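The values are calculated or read from the model by the stated rules, or taken from the named source; none is laboratory data. Owing to the predicted nature of the structure, the values given are computational and were not obtained by experimental measurement. All Cβ positions, even for glycine, are placed from backbone atoms using ideal geometry, and neighbour counts span all protein chains on display. What goes into the accessible areas is simple: the full protein's heavy atoms, side chains included, and nothing from ligands, DNA or RNA. Shrake-Rupley method; radii C 1.70, N 1.55, O 1.52, S 1.80 Å.
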Amino acid sequence: MIPESNYTHQSVMTDEVVASLAAQHPGLYLDCTLGGGGHSRAILTTCKDCHVIGVDRDPAAIAAARLYLDDYRQAITLVKGNFRDLDVIVRELFPTMTNPLLDGIVFDLGVSSPQLDDESRGFSYWGSHELDMRMDSTQQLTAAIILSEASEDELTRIILEYGEERWASRIASFIIKAREHTRIETVDQLVHIISDAIPAAARRQGGHPARRTFQALRIAVNDELGALQEALPKATEMLKPGGKMVVISFHSLEDRLVKAFFSEAANPCKCPPRYPCVCGLKPILKLYNPKVVYASSQEILKNPRARSAKLRVAQRI
């Protein structure tokens with residue numbers, strides 16, 4: 001029986017993750033984004049002799065996973081941490097390790113359902129709660145701090161680069177004007193400013209007008225892309241030959257980064273194809289699934305948030 005928890009996260013594409021990993025008996029796996037423990041539980045259910053290291057920066061996720069995975073407590077090690085430090089985390093757990101150790105690694109990127117649904121955390125653009133947006137509640141930087149301290153140029157860059165918002169410059173300008181009169185601290189304040197900044201015709205298209213700006217601020221607060229850029233090469237180095245890395249992304253910025261890294265690691269040589277290779281660069285990964293994998297229509301019906309999920313898999317050579 002699975003213990004109940006207020007932190008309820010429905011992990012996406014668990015069947016595809018388990019099938020892609022093809023878990024070995026025994027094997028050691030790293031779940032870099034533990035969440036509520038859905039992917040870890042799927043691995044341990046399939047692979048009876050496996051051990052999973054579950055990492056998450058959110059203390060609430062760790063607490064929930066400890067309950068959810070209680071039946072497997074001997075087979076899982078829970079670590080509060082950032083996956084950008086995965087090499088340090090693994091080496092601290094296995095200090096005598098001299099060779100790559102992991103049979104598989106899973107990244108389920110982005111914000112989890114409990115984080116989105118808990119209005120007090122400020123991820124959602126509903127309500128009047130503080131503009132927090134921290135995945136790790138112990139860190140100092142929040143969305144409210146960025147909004148109060150960043151320059152107009154920096155706000156424009158964040159909203160344009162991380163939110164791909166066409167009205168980034170105008171939104172940044174409205175934020176600067178608004179904060180001359182009062183500190184922007186709550187969700188409803190920011191939503192009102194964004195709605196004023198975006199022309200009425202544009203507000204009626206493409207979902208909630210604040211969606212892209214909130215995504216941008218969340219990515220900036222948690223340095224999500226920077227962490228992913230650091231983690232992917234480290235994860236590759238920690239994999240055994242034949243080990244697989246599975247990455248699930250939910251927006252184009254993450255997916256492009258993962259696709260580019262996998263492609264470069266699989267095809268590092270840029271010598272002219274008709275001539276002998278002189279660079280000496282050898283592939284360290286091969287694309288296990290050359291094409292991106294999407295959630296099934298049945299899963300999307302049960303969990304609409306799965307509709308934007310994209311799964312990519314690479315295997316260590």
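Hey, could you pull the Cα Rg and Dmax for segment 14-97, both in Å?
Spelled out, the Cα radius of gyration and Dmax of segment 14-97 are 12.0, 33 Å.
What is the sum of charges around residue 269, taking Lys and Arg as +1, Asp and Glu as -1, for the other residues whose C-beta is under 15 Å from the C-beta of residue 269?
Working: positive: 270, 274, 282, 286; negative: 264.
Net of charged neighbours comes to +3.
Counting Lys and Arg as +1 and Asp and Glu as -1, what is the net charge of the other residues whose Cβ lies under 13 Å from the Cβ of residue 145?
Residues close to residue 145 contribute a combined charge of -2.
Could you compute the longest span of the chain free of GluC sites (Glu not before Pro) located in DSSP loops and having at most 16 other Cβ atoms within 10 Å, not counting the site residues?
5-163
From the helices alone, meaning DSSP H stretches of at least four residues, give me the mean residue ellipticity at 222 nm for the chain, per-run term -39500 (n - 2.57), in deg cm²/dmol to the nearest 500.
Estimated from H runs of four or more residues: -12000 deg cm²/dmol.
Given an 8 Å cut-off on Cα distances and at least 6 residues of separation, report the relative contact order of segment 164-317 as a percent.
22
Working out 0.36 nm times the residue gap between residue 128 and residue 294, then minus their Cα-Cα distance, what length gain in nm do you get to one decimal?
Separation in residues times 0.36 nm, less the Cα-Cα distance, equals 56.3 nm.
If you average over every viewing direction, what projected area does the convex hull of the Cα atoms of the chain give, in nm²?
In nm², the orientation-averaged hull projection of the chain is 19.1.
Ranking request for peptides 44-52, 78-86, 26-34: highest mean number of other beta-carbon atoms within 10 Å first, then the rest in descending order.
26-34, 78-86, 44-52
Stretch residue 141-residue 71 to full length: gain in nm at 0.36 nm per residue minus the Cα-Cα span? Show your work: numbers first, answer last.
Numbers: separation 70, 0.36 × 70 = 25.20 nm, distance 3.61 nm.
That pair, residue 141 and residue 71, stretches by 21.6 nm at full extension.
What is the distance, in nm, between label points placed 7 Å from the Cα along the Cα-to-Cβ direction at residue 192 and at residue 173?
2.2
For segment 82-147, just list the percent of Cα-Cα distances falling in each 5 Å bin from zero outward, please.
3, 13, 18, 17, 12, 10, 11, 8, 5, 1, 0
Suppose we keep just the DSSP beta bridges with both residues in the chain; what percent of those would be antiparallel, to 5?
Once the DSSP bridges in the chain are tallied, antiparallel ones form about 40 percent.
Specify the residue with the greatest mean-square fluctuation among 124, 249, 296, computed from a Gaussian network of the chain linking alpha-carbon atoms under 10 Å apart.
Answer for the Gaussian network model of the chain: 296.
With the convex hull built on the Cα atoms of segment 37-191, state its orientation-averaged projected area in nm². Please list the in-between numbers first.
Details: hull surface 46.0 nm².
Result: 11.5 nm².
Work out, step by step, the length gained on full extension between residue 301 and residue 94: first 0.36 nm times the residue separation, then minus their alpha carbon distance; give nm to one decimal.
Extending this stretch completely gives an extra 70.4 nm.
Report the net charge of residues surrounding residue 128, where surrounding means a beta-carbon distance below 11 angstrom and charges are Lys +1, Arg +1, Asp -1, Glu -1.
On the way: positive: none; negative: 119, 130, 185, 188.
Overall, the nearby charge balance is -4.
Please tell me which of these pairs span more than 30 angstrom C-alpha to C-alpha: 48/80; 240/270; 48/259; 80/234?
48/259
Sequence gap at least 6, Cα distance under 8 Å: using those rules, report the relative contact order of the chain to the nearest whole percent.
Details: 558 pairs, mean separation 54.9, N = 317.
In percent, rounded to a whole number, it is 17.
Just flag the trypsin sites (Lys or Arg not before Pro) in segment 280-317 sitting in loop per DSSP whose Cβ has no more than 15 other Cβ atoms within 10 Å.
Listed in order of number, the matching sites are 291.
What order do 190, 141 take when sorted by accessible area (1.4 Å probe), most exposed first?
I get 141, 190, largest accessible area first.
What is segment 179-230 by shape, rounded, prolate or oblate, if you read a ≥ b ≥ c off the alpha carbon gyration tensor as root eigenvalues and call it rounded for a/c under 1.5, prolate for a/b larger than b/c, and oblate otherwise?
It comes out oblate by the Cα gyration axes.
Relative contact order for segment 61-166: what percent, with Cα pairs under 8 Å and sequence separation of 6 or more?
9
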